[in-house]
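Working notes, structure below.
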Amino acid sequence: MMNFDTQYKAYQQLVEEKLSHYIHLANHCEALMKAMEYSLMLGGKRIRPILAMATCDLLGNAPTQAIPVACALEMIHTYSLIHDDLPSMDDDDLRRGKPTNHKVFGEAVAILAGDGLLTEAFSCLSDPRWSLSDHSKIRVIHTISEASGAKGMVAGQVLDLEFEGKECNEEQLENIHLHKTGKLILAS
């Protein structure tokens, strides 16, 4: 039995390898691929993919069975960070100690890199080579769509923007975090 730290690092390394594999399979135009890869491979804790793999393991399945979900979740999370950093949102210059995507590639390419990652995520989830029944794939896609879209993460971002520079109470703050961060973690 591996300890938590060893298992976490093993999952993290596998996710890093598979993300790199998936992003190069996408065969994008060079400028788009560089922008997508730049943000996707900046590192991070990879909490969402690791939760997906650990859940699969806890349910008695091989953690590798969750690789498409793990990679899709990280692509969605990364797209949200690219968009969140844009001048029209949080206007951040740095992400994980490096210049944000729009600072390196320009706003237009950053937006398209985020869009590309979101779309690639659903390509991973719907890949016919993934050995999961079509019914189960549809359930996974539905769960992740709801968590990342207008009922989840995107709604949380809008709520966050609405309270920019304003006071909000504890309940409103919890609602922002529940949607902006919590829904995708729960889907994991």
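The values are calculated or read from the model by the stated rules, or taken from the named source; none is laboratory data. The shown structure was predicted, so the numbers you read here are calculated from the model rather than taken from an experiment. Virtual Cβ from ideal backbone geometry, glycine too; neighbours counted across all protein chains shown. Just so you know, the surface numbers come from the protein's heavy atoms only, side chains and all, with ligands and any DNA or RNA stripped out. Shrake-Rupley method; radii C 1.70, N 1.55, O 1.52, S 1.80 Å.
Odds and ends about this structure:
- With respect to the conditions (1) aliphatic (A, V, I, L, M); (2) outside any helix (DSSP H, G or I); (3) surrounded by 17 or more Cβ atoms within 10 Å (Cβ to Cβ), Ala150 falls short on a single one, namely (3).
- Apart from one condition, Arg129 fits all of (1) within 18 Å of the chain's Cα centre (by Cα); (2) basic (Lys, Arg); (3) under 20 Å from Ala66 (Cβ atoms); the exception is (1).
- Qualifying residue in segment 79-92 (condition: of a type in the set (Val, Ile, Thr) and either in contact (Cβ under 8 Å) with a residue 12 or more places away in the chain or touching a Phe, Trp or Tyr at 6+ places or on another chain (Cβ under 9 Å) (or both)): yes
- Answer residue from segment 63-96, given it is farther than 19 Å from Met33 by Cβ and of a type in the set (Ser, Thr, Tyr) and is surrounded by the most Cβ atoms within 10 Å (Cβ to Cβ) among those: Ser80
- When residues of segment 46-58 are limited to those that are of a type outside the set (A, V, I, L, M, F, W, C) and either in contact with a strand residue (DSSP E or B) (Cβ under 9 Å, 6 or more places away or on another chain) or in contact (Cβ under 8 Å) with a residue 24 or more places away in the chain (or both), the one surrounded by the most Cβ atoms within 10 Å (Cβ to Cβ): Pro49
- Failed item, numbered, when Ser131 is tested on (1) open to solvent by 20 Å² or more (accessible area, probe 1.4 Å); (2) outside any helix (DSSP H, G or I); (3) closer than 19 Å to Lys180 by Cβ; (4) not β-branched (Val, Ile, Thr): (3)
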